[in-house]
Amino acid sequence: MEQNTAAAVKPKRAKKPSQTSGMSRALVRRETISAYCFLAPALVFFVAFVVIPMFICVFYSLFDYSLGGINGFVGLDNYIQLFQDPVFHKGLINTIIIVLVAVPAVTAFSLWVGSAIYRMNAFTRSFFRCVFYLPVVTGSVAITVVWKWILDPYNGILNQLIGTNGYNWLGEGKTALACIILILFTTSIGQPIVLYVAALGNVDNSIIEAAQVDGATKLQVFWKIKWPAIMPTTLYVLVITTINSFQCFALIQLMTRGGPMNATMTIMYQVYDSAYRLYDLGYANAIGVILAIIIAIFSAIQFKVAKTD
Amino acid sequence: MKLKRILALAMAAAMALSITACGGGDESTPSGSQPSGSQPSGGGAVTLTVASFNIGGFTDSAAWEPIIEAFNAQNPDVTIEILPVTYQDGDQQLANLIAGGNAPDVVFEGPERIIGNYANEGLLVDLSDLWEGVTDIPESISSVSQLDGTYYMYPLSVAAHCMAINYEAFEAAGALQYIDEETRTWTTDDFVAACEALKAAMDAGTITMAETGIIYCGAQGGDQGTRALVNNLYSDYYVTEDGSSYNANSANNVKALELLQGMVDEGTMGVSTSYAAADELQAFANGTCAMTFCWNYSNYSQYAAQTQFTPFAMAFPSDDGVPELEMAGPYGLCVFDNGDQAKIDAAKEFVKFVCDDQTAGVEAVKTTGFFPAHEGWGDIYEGDETRAPFSLMSEYLGRYYSLTPGWVAQRALWWPMLQAIMGTGADVQTAADDYVAQANAGMAG
């Protein structure tokens with residue numbers, strides 16, 4: 001009896017309005033089929049080039065796999081070897097340093113530049129977007145050649161400018177990683193700036209004006225109105241920059257090859273080194289799996305912090 | 001909500017994984033030169049893919065054209081497609097092709113890759129039949145063309161790695177007195193004295209240079225130069241006599257490393273922990289340093305045009321004045337077992353033609369810039385003054401190390417050891433002991 005009363009008192013859960021209310025079943029089915037048809041090409045590519053390689057990667061990480069093929073099942077041996085490998089430890093630390101420095105720096109700088117230029121006239125805005133986007137469209141090889149000239153210990157323009165002739169920026173453990181982060185920074189800011197300019201331009205101006213009428217300061221307008229509005233863009237920038245930073249490879253291969261003394265070794269470079277120099281493909285796959293897990297964890301933290309799914 | 005989050009995380013993981021699983025293979029295969037290795041040949045016509053590393057003039061794959069034309073005159077049913085690969089990314093490119101079941105039919109390189117990598121992995125065809133009746137290839141070359149008594153490489157050309165000095169800079173510094181210009185040799189004491197004379201001349205402004213020489217240790221490229229420098233200074237070897245251990249921690253090699261470390265400390269020798277051989281060669285060509293430790297005819301032909309001075313090839317200094325140089329190559333060809341007998345037969349025919357035909361073979365050897373593996377071919381550069389110094393260097397050829405077990409893994413340890421010793425002033429014996437311990441561990445696989 002008591003239970004019946006409680007059930008009667010408990011308010012009925014409000015029925016969520018269906019997105020298809022008012023549509024006939026046949027129409028819903030037709031729209032669903034159309035949607036899947038539009039999705040299909042991308043889905044096929046995604047499965048073929050992302051999902052299947054992902055499982056192949058996990059599969060091979062459990063084998064002793066070299067140039068001549070699979071030499072036998074080794075279970076978790078590759079993973080055990082990996083966690084005992086001092087080069088991997090160094091690479092992991094360096095990778096995390098790169099991510100922790102580059103991601104906030106790229107995001108903050110891009111937001112600052114985006115905020116500064118999005119209100120400018122179209123020509124000036126486009127000019128700045130081009131300037132910052134140029135390193136993105138320039139090939140990695142060209143960029144590294146230029147930076148190697150700049151940083152050359154004997155003839156480099158940096159040493160000439162600051163009077164440190166002979167200082168080997170890429171050859172000293174203290175500065176090599178900083179140089180890699182700096183170059184990564186210059187090649188990473190282009191896309192976020194373009195995205196921020198677009199996102200800030202799309203913030204509803206009437207809300208900003210209403211807030212200003214109500215006496216909101218510039219800082220309040222930014223934090224209370226613009227920041228929430230551009231949060232999806234920020235999350236995208238954070239995730240993409242994090243993944244790019246984790247997978248920083250070309251710069252290291254072309255500039256330092258992980259040296260000096262593993263000072264610029266990263267997990268991604270170790271994947272390459274294990275696979276293509278040592279031909280230890282199973283081990284390389286194991287490193288790749290661990291890298292993927294680390295990236296997933298970082299992404300999860302970012303999703304959590306940004307309070308969005 | 002939760003499902004979406006899981007999906008989003010899975011996507012992030014998948015993006016990361018797909019990079020490693022796909023291995024960037026698409027990028028590394030040039031369009032239009034996709035190997036057809038795994039495709040069975042039909043009828044009598046056969047198409048062969050020849051992966052050619054950028055050895056000397058073969059950097060330009062067009063250099064193969066006259067050789068292929070001559071071959072096709074005798075073998076019209078065989079089509080040869082050249083797949084140019086470079087030392088920069090060739091290993092990656094070939095590894096992707098081999099792992100993907102598209103191995104090329106023929107590879108043109110040296111024993112380090114052909115025997116040490118491909119034959120060791122059981123990927124190659126036995127070429128012993130090509131060696132039958134061959135008597136004019138020296139034992140030093142034939143011994144490194146085989147694995148466990150089976151020949152997997154047929155050699156084309158060979159040379160010696162040496163070093164070079166800036167002749168005019170040495171002359172201006174009064175350092176020519178320390179070299180024997182006729183034999184192109186010098187002793188360790190002479191080398192030290194020459195570096196001191198160069199440093200004094202640099203300090204006095206007589207010559208404008210940043211360094212006497214640069215011990216490059218930023219990567220493994222050209223590490224044969226630093227190996228030979230260290231091993232020659234006190235006449236020791238990179239690997240022990242019986243081949244059972246790497247040898248950097250021997251008394252003489254440690255002494256050599258200490259000598260170089262001292263010279264770096266005194267400023268009579270430079271070091272760059274970010275330079276590989278290509279950077280050092282460019283610095284030499286630019287006149288930034290007065291000597292290079294990575295010289296051979298191929299590098300001479302590549303850099304000589306850029307120099308405003310005379311690059312004078314020299315053997316590495318040794319305490320007894322008797323140098324032992326590392327072999328450049330021997331460069332030769334191997335045939336991959338792609339399971340198609342018609343292709344294998346055609347590939348063997350091509351290998352035999354390139355390496356044995358007196359006309360095409362000489363053309364191929366000259367393109368590499370080195371000297372023929374067949375001693376019976378005599379002096380193919382007769383009258384060519386630029387070749388004479390390199391011909392002389394061939395007389396100083398020493399032991400061949402590159403087939404020592406664990407070779408590939410130890411190469412990644414050598415230059416970090418030099419970085420530690422020359423760059424951070426690490427204790428030489430300790431650093432060399434560490435290197436040997438790790439390199440020997442790699443010997444066991």
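Distance from the Cα centre of segment A:200-221 to that of segment B:52-127, in angstrom?
Cα centres, segment A:200-221 to segment B:52-127: 66 Å.
Kyte-Doolittle mean at least 1.0 and Cα extent at least 27 Å along the axis: which DSSP H helices of chain B qualify?
Going by DSSP H runs, the hits are B:2-22.
Which order do the peptides B:319-326, A:245-252 come out in when sorted by mean C-beta neighbours inside 10 angstrom, highest first?
A:245-252, B:319-326
Averaged across B:216-224, how many Cβ atoms of other chains sit within 10 Å of each residue's Cβ atom?
That works out to 3 on average.
Please compute one quarter of the surface area of the Cα convex hull for segment A:129-285 and express it in square nanometres.
Orientation-averaged projected area of the Cα hull: 12.6 nm².
Roughly speaking, what % of Cα-Cα pairs in the protein assembly as shown are separated by over 54 Å, rounded to a whole number?
Distances greater than 54 Å cover 20 percent of the Cα pairs.
Report, in degrees rounded to the nearest 10, the 0 to 90 angle that the Cα long axis of helix A:122-137 makes with the longest principal axis of chain A.
50 degrees
From the C-alpha gyration tensor of chain A, pull out the three semi-axes of the equivalent ellipsoid (sqrt of 5λ each), sorted largest to smallest, in whole Å.
42, 34, 20
Taking the Cα centre as origin and putting +1 on Lys and Arg beta-carbons and -1 on Asp and Glu beta-carbons, what dipole magnitude results for segment B:255-380, to the nearest 20 debye?
340 debye
Would you please give the residues with an amide H less than 5 Å from that of B:Thr49, counting only those at least 5 places away or on a separate chain, with H modeled from the backbone geometry?
The answer is B:Ser36, B:Glu81, B:Asp105, B:Val106.
Calculate, in whole percent, how much of the Cα-Cα pair population of segment B:73-112 lies beyond 14 Å.
Counting every Cα pair in segment B:73-112, those more than 14 Å apart make up 56 percent.
Looking only at other chains, what is the average number of their beta-carbon atoms within 10 angstrom of each beta-carbon in A:43-49?
Taking all residues of A:43-49 together, the mean is 1.
Can you pull out the GluC sites (Glu not before Pro) in segment B:342-445 that DSSP calls coil and that have at most 14 other Cβ atoms within 10 Å?
Passing both the DSSP loop test and the Cβ count: B:Glu382.
For every helix of n ≥ 4 consecutive DSSP H residues, a contribution of -39,500 (n - 2.57) applies; sum these over chain B, divide by its total residues, and give [θ] at 222 nm rounded to the nearest 500 deg cm²/dmol.
-12000 deg cm²/dmol
Roughly speaking, what is the centre-to-centre gap between segment B:310-383 and segment A:81-151 when only Cα atoms are used, to the nearest Å?
A separation of 46 Å, based on Cα centres.
Return a whole-number percent for the relative contact order of segment B:99-156, with Cα pairs under 8 Å and 6 or more residues apart as the contact set.
41 percent
Semi-axes of the equivalent ellipsoid of segment A:19-60: what are they in whole Å, largest first, if each equals the square root of 5 times a C-alpha gyration tensor eigenvalue?
Taking √(5λ) for each eigenvalue gives 34, 10, 6 Å, largest first.
Sorting check: for A:295-301, A:190-196, which peptide has the highest mean count of neighbouring beta carbons within 10 Å, and how do the rest follow?
In descending order of packing, they fall as A:190-196, A:295-301.
Taking every DSSP beta bridge that has both residues in the protein assembly as shown, what percent is antiparallel when rounded to the nearest 5?
60 percent
Which angle between 0 and 90 degrees, to the nearest 10, do you get for helix A:173-188 versus the longest principal axis of chain A when only C-alpha atoms count?
The helix A:173-188 is inclined about 40 degrees to chain A.
Just in segment A:33-126: which trypsin sites (Lys or Arg not before Pro) are loop by DSSP and have at most 13 other Cβ atoms within 10 Å?
Counting only loop positions with at most 13 other Cβ atoms within 10 Å, the trypsin sites (Lys or Arg not before Pro) in segment A:33-126 are A:Arg119.
Average projected area of the Cα convex hull of chain B, in nm²?
Projected over every direction and averaged, the Cα hull of chain B covers 25.9 nm².
Quick one: which of A:Lys90/A:Lys304; A:Lys174/B:Lys199; A:Lys90/A:Lys148; A:Lys226/A:Lys304; A:Lys174/A:Lys224 span more than 32 angstrom between C-alpha atoms?
A:Lys174/A:Lys224
So what is the relative contact order of chain A, in percent, for Cα pairs below 8 Å that sit 6 or more residues apart?
Relative contact order, chain A: 27 percent.
Roughly speaking, what % of Cα-Cα pairs in segment A:218-298 are separated by over 16 Å, rounded to a whole number?
Of all Cα-Cα pairs in segment A:218-298, 62 percent lie more than 16 Å apart.
Taking H placed 1.01 Å from N in the peptide plane, check which residues at least 5 places from B:Leu397 or on another chain put their amide H under 5 Å from its amide H.
Hits under the 5 Å cutoff: B:Leu325.
Determine the dipole magnitude for the protein assembly as shown: charges of +1 sit on the beta-carbon of Lys and Arg, -1 on that of Asp and Glu, nothing else is charged, the reference point is the Cα centre, and the result goes in debye to the nearest 20.
Around 7040 debye, computed over the protein assembly as shown.
Hey, what do the phi angles of segment B:391-398 turn into as Karplus ³J(HN,Hα) couplings, whole Hz, using 6.51/-1.76/1.60 and θ = phi - 60°, x for Gly and Pro?
Coupling constants for segment B:391-398: 5, 4, 4, 4, 6, 9, 4, x Hz.
So what is the 222 nm mean residue ellipticity for chain A from helices alone, if each DSSP H run of at least 4 adds -39500 (n - 2.57) and you divide by all residues, rounding to the nearest 500 deg cm²/dmol?
Helices in chain A give a 222 nm mean residue ellipticity of -21000 deg cm²/dmol.
Taking a ≥ b ≥ c as the square roots of the eigenvalues of the Cα gyration tensor of segment B:127-245, is the shape rounded (a/c under 1.5), prolate (a/b larger than b/c) or oblate?
Taking the square roots of the gyration eigenvalues as a ≥ b ≥ c, segment B:127-245 is prolate.
May I ask you to list the GluC sites (Glu not before Pro) in segment B:133-217 that are in a DSSP loop and have at most 15 other Cβ atoms within 10 Å of their Cβ?
B:Glu181, B:Glu182
Give me the extension gain from A:Asn205 to A:Ile297: residue separation times 0.36 nm, minus the current Cα-Cα distance, reported in nm with one decimal.
Length gained, A:Asn205 through A:Ile297: 29.5 nm.
Just checking the output field for B:281-287: average partner chain Cβ neighbours within 10 Å of each residue's Cβ?
Other-chain Cβ atoms within 10 Å of each residue's Cβ, averaged: 1.
Can you tell me the orientation of helix A:190-201 relative to chain A, as the angle in degrees between its alpha-carbon axis and the longest Cα principal axis, to the nearest 10?
For A:190-201 against chain A, the angle is about 20 degrees.
Amide H neighbours of A:Phe63 under 5 Å, at least 5 residues apart or on other chains, H built in the peptide plane: list them.
Amide H to amide H, under 5 Å and 5 or more residues apart or across chains, A:Phe63 pairs with A:Val74.
What residue among A:Gly114, A:Ser66, A:Thr175 has its Cα farthest toward the positive end of the dipole of segment A:56-178, where the charges are +1 on Lys, Arg and -1 on Asp, Glu, each on the Cβ?
Ranked along the dipole, the leading option is A:Gly114.
Bear in mind that the values in this text are calculations on the coordinates, not laboratory data. Keep in mind it's a predicted model, so treat the numbers as computed, not measured. Neighbour counts run over all protein chains shown; Cβ positions are idealised from the backbone, glycine included.
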